[in-house]
Amino acid sequence: MKIPDKGLEENALFQRLESFHEKDLEMRDGKMFGHAFLVNDSVRKVVEKAYTMYLWKNALDPTLFPSLLQLENEVVAMSRAHLRGDDDVVGNFTSGGTESILLAVKAMRDKARSERPEITEPEMILPVTAHAAFHKAAHYFCIKTVLTPVDPETFKADVSAIKKAISSNTVLIVASAPSYAHGVIDPIGEIGELALEDDIPLHIDGCIGAFLLPYYRQLGVDVPDFDFTVPGVTSISMDFHKYSFAAKGASVILYRNKKLRRYQIFSCSDWTGYTVLNPTVQSSRSGGPLAGTWAVLKFLGNDGYLEVVRKLKGATDKVIEGINEMDDLYVLGKPEMCLLGIGSETVNVFHIVDEMKERGWHIQAQLGLANTIHRENFHLTILPSNIDRIDEWLGDLRECVEIAKTREPGKLAEQISALLPQTDTVEIDDDDIWNLFKLVGIEGDALPGRMAEINEILNALPPKLADTLLVAYLNEVS
């Protein structure tokens, strides 16, 4: 495809764009759990108006657009107060949780390079429930990940295991508030004590939950301390494009003080062009996401957020109560927010996900984790749009569980596992990969309608081998 010789007329152009929506999931009908965080049309319109007002402004150089510096400072100040930081806490607006995490990891690696130059092979301690973005950061910045187990009942990080994992090469410890898969908060107070004792930075991944948890506390829920009130916490990431209901991409990375934050900043004078001084991964940054975030925080305000959270908590409680009444399903751990994983000892959860998809419900399958107590399950991120449809969802879920019971497990997972060595270091060429894909009905860029058998295969393979297959697929269709 080439750029057309003559441009499209405006109406025709937007008709084409509208047509591209046809295969997208509907975001506002309440049948999708996760991905798109919308409250109502009033909030959406405010965010969109603010976003477009600043869409063309560039945060690359604050001397040109001081309005963006003011907006960023105000968003960071509100974030600092929200997470109970003092006046020394500083931060920056970023494009999302992954960028916030990348910056935190990069900063602490560079801190170690400066202050502990004897470390040549830096390590980062991650509970197995830590977000995959930390693995990405480790891959990008050449840091070894040291994975630690979680409690088999609560799915919270095992403090004693973290203590044993600390070495002379440890440059960062990570904890979650809450973890994505189970919605539980790690014992951050205890981990903070470890971090202080060994003088190791501690990052709190609050990307999905740090904004909402203070409102749970306002509602009287016993939320354990996870923020800057915990001695030992050195940085926190918190997203706005999730439960703050800003447009994507919007997040913040906060540090306890400027001394820590300085390792995040990049400067380059060793070239012939303009002065490069970047606080984030990006250089040019649209002001749209920042203005949209500022607008939604000001528009909803504390009372508005509190009312949304009250309804989200009620919906979550109803889901948990409904699951507890089903013999074949159980909730993993005790979720402390509106995120939860649901497992089964008797039914193939991947078939449940497929059956619910047939009825228009979109929930996430989560693979089991090899050599741990974490079994495959399905995940819910409960959104404002879901609140009024929980009873309907539970009714369909009961029926889909009964249907899933009648479905036989696929045989390909066992066959493929037998063909491939069960090792993370196995190498497999592209021809073999595509022969495997054809076995499960993948041709070209099309996925089969049902994903249960594919998820069974991925679930049965060592994680590194599963990653090899996933990378090969994306590399082919993109």
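A short reminder: the numbers here are calculations on the coordinates, not readings from a lab. All values derive from a computational prediction rather than experimental measurement. FYI the Cβ positions are ideal-geometry reconstructions off the backbone, even for glycines, and counts take in every protein chain you see.
Taking a Cβ cut-off of under 12 Å around C338, the surrounding Lys, Arg, Asp and Glu residues balance to a net charge of +3, with basic ones at +1 and acidic ones at -1.
Of interest is the spacing of the C-alpha centroids, which for segment 253-287 and segment 9-60 amounts to 30 Å.
With the highest mean first, a sort of the peptides 222-230, 63-71 on other beta-carbon atoms found within 10 angstrom per residue produces 222-230, 63-71. The listed peptides 169-179, 23-33, ordered by packing as a protection proxy, come out as 169-179, 23-33 (highest mean of other Cβ atoms within 10 Å first).
Going through the cross-link list K31/K248; K106/K242; K111/K156; K2/K242; K49/K106, which pairs have a Cα-Cα distance over 30 Å in this structure? All intermediate terms of the calculation are to be shown ahead of the outcome.
Details: K31/K248 20 Å; K106/K242 24 Å; K111/K156 28 Å; K2/K242 36 Å; K49/K106 34 Å.
Going by Cα-Cα distance, K2/K242; K49/K106 fall outside the 30 Å limit.
Under a 5 Å amide H cut-off, with hydrogens placed 1.01 Å from N, T170 pairs with E123 among residues at least 5 apart or on other chains.
Dividing the helix sum by the residues of the chain, where each DSSP H run of 4 or more adds -39500 (n - 2.57), gives a mean residue ellipticity at 222 nm of -13500 deg cm²/dmol.
Amide H to amide H, with H built 1.01 Å from N, L60 comes under 5 Å of R285, counting only residues 5 or more places away or on other chains.
Using the Cβ of S251 as centre and a radius below 14 Å, the other residues enclosed give a net charge of -1, where K and R count +1 and D and E count -1.
Residues in segment 279-288 carry Karplus couplings, in order, of x, 10, 5, 6, 9, 5, 9, 5, x, x Hz; the curve used is 6.51 cos²θ - 1.76 cosθ + 1.60 with θ = phi - 60°, and Gly or Pro positions show x.
Packing around the peptides 6-12, 214-220, taken as the average count of other Cβ atoms within 10 Å per residue, puts them in this order, highest first: 214-220, 6-12. Projected onto its three principal axes, the C-alpha set of the chain covers 64, 63, 53 Å, listed from the longest axis down. Compute the signed sum of charges (Lys and Arg +1, Asp and Glu -1) over the other residues within less than 13 Å, Cβ to Cβ, of T98. Local net charge: +1.
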